[in-house]
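Below is one structure, written out as structure tokens; the observations come after it.
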Amino acid sequence: MTNHQRLLRYLKHQLVARNSKGFGIHSPYIFHLVTEIIHDFIPFYCYGSIEKERQNLLSNNTLIEVNDFGSGSHINKQTQKKVCDIAKHSLKPKKQAQLLFRLVNHFQSKNILEIGSSLGITTSYLASVSSKSKLITLEGCPETSKIAQHTFSNLQLKNITLNTGNFNKTLIPALHKFKKVDFVFFDGNHKKNATLEYFNTCLPFIHNNTVFIFDDIHLSEEMEEAWNEIKIYENVKVTLDLFHLGIVFFKKEFTKQHYNIKF
Ligand SMILES: C[S@@+](CC[C@H](N)C(=O)[O-])C[C@H]1O[C@@H](n2cnc3c(N)ncnc32)[C@H](O)[C@@H]1O
């Protein structure tokens with residue numbers, strides 16, 4: 001998909017999407033989530049220190065060997081990259097990472113899985129909500145993992161386990177460690193088949209209140225296809241399309257509904 005096509009899709013999304021007032025959202029649960037959590041921009045205590053780490057990474061010119069498995073980073077295919085370039089192109093921007101923090105806080109998620117750690121910035125947001133939560137994050141590139149570990153120790157985050165290796169080796173053991181997952185952030189290998197495979201692998205580990213978040217659901221035609229397939233699964237009830245992120249709820253008491261939300 002070209003940048004032009006993506007821009008058109010974004011504009012189309014914005015035209016039909018519900019705004020921060022939540023007009024037209026009938027479910028009180030989703031109405032509250034949209035108006036009070038998704039559109040709450042009051043800063044939390046930990047935002048400053050995590051963003052300081054991001055700034056350090058953005059000014060780090062060290063070259064590292066990268067082992068890039070995903071299709072998300074189409075900007076740079078060479079095997080050596082500067083840390084600052086990874087920080088610029090691969091991490092969730094602060095607005096979205098802080099939304100993930102608020103969602104974990106709102107749902108009080110304790111067993112959190114992130115598929116795709118990169119330099120550990122979004123991981124740090126997810127883990128900062130509560131020291132009582134357990135977070136497992138998966139990353140395939142050893143040198144990137146090392147820097148993520150630095151990020152966690154600089155922020156004194158002790159509730160994170162980083163497993164290095166291809167997701168096809170690390171995902172199932174991580175899920176078995178949890179037995180049931182509360183919150184999964186899918187942010188690695190932005191391809192249709194891989195996304196659907198990770199989704200299907202995680203499904204046996206959900207409970208009624210589990211929340212899945214998919215990154216970049218409109219990155220490409222194939223990511224849109226993956227998102228559209230996910231929406232029609234029988235146990236998927238409510239989905240929210242925020243354009244850059246897709247949120248999935250499995251609550252049996254919900255009526256199946258799909259919302260486009262401005263964010
Ligand atoms: C977009 S980045 C993650 C960004 C991170 N969640 C953040 O917002 O800070 C995706 C990461 O997934 C890793 N990755 C992609 N495909 C993988 C695979 N099949 N196995 C292991 N790691 C993979 C890449 O090395 C990359 O670091």
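Summary of values
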read-out: Every residue from the range 1-45 that is hydroxyl-bearing (Ser, Thr, Tyr) and in a loop (DSSP other than H, G, I, E, B); value: Thr2, Ser20, Ser27, Tyr45
read-out: Hits in the range 120-171 (condition: of a type in the set (Lys, Arg) and either near the ligand (Cβ under 10 Å from one of its atoms) or touching a Lys or Arg at 6+ places or on another chain (Cβ under 8 Å) (or both)); value: Lys132, Lys134, Lys169
read-out: Any pair with Cβ under 6 angstrom, 6 or more apart, that starts in the range 65-91 at a residue that is of a type in the set (Ser, Thr, Tyr) and ends at one that is buried (at least 16 other Cβ atoms within 10 Å of the Cβ) and at pLDDT 55 or above; value: Ser71/His190; Ser71/Lys191; Ser73/Ser90; Ser90/Ser118
read-out: Residue that is out of contact with any Leu (no Cβ under 9 Å at 6 or more places or on another chain) and over 23 Å from Phe212 (Cβ atoms), where the choices are His89, His32, His39, His26; value: His89
read-out: Residue tally, condition buried (at least 20 other Cβ atoms within 10 Å of the Cβ) and among the charged types (D, E, K, R), over the range 136-175; value: 1
read-out: Given (1) within 16 Å of the ligand (Cβ to nearest atom); (2) more than 20 Å from the chain's Cα centre (by Cα); (3) open to solvent by 50 Å² or more (accessible area, probe 1.4 Å); (4) modelled with pLDDT under 95, number of the condition Phe23 does not satisfy; value: (1)
read-out: Of residues in the range 90-119 being closer than 16 Å to Ile160 by Cα, within 13 Å of the ligand (Cβ to nearest atom) and outside any helix (DSSP H, G or I), the one farthest from the chain's Cα centre (by Cα); value: Leu119
read-out: Asp215 being away from the ligand (no atom under 14 Å from the Cβ), of a type in the set (D, E, K, R) and modelled with pLDDT of 95 or more; value: no
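To keep it simple, each residue is scored yes or no on (1) within 16 Å of the ligand (Cβ to nearest atom); (2) among the charged types (D, E, K, R).
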{"residue": "Lys177", "(1), (2)": "no, yes"}
{"residue": "Phe183", "(1), (2)": "yes, no"}
{"residue": "Lys191", "(1), (2)": "yes, yes"}
{"residue": "Pro204", "(1), (2)": "no, no"}
{"residue": "Ser220", "(1), (2)": "yes, no"}
{"residue": "Lys237", "(1), (2)": "no, yes"}
{"residue": "Leu240", "(1), (2)": "no, no"}
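The values are calculated or read from the model by the stated rules, or taken from the named source; none is laboratory data. Because the structure is predicted, anything quoted here is derived from the model rather than measured. Glycine also receives a Cβ, built like all others from the backbone with ideal geometry; neighbour counts cover every protein chain displayed. Protein only, heavy atoms only, side chains kept; ligands, DNA and RNA dropped before computing areas. Shrake-Rupley method; radii C 1.70, N 1.55, O 1.52, S 1.80 Å.
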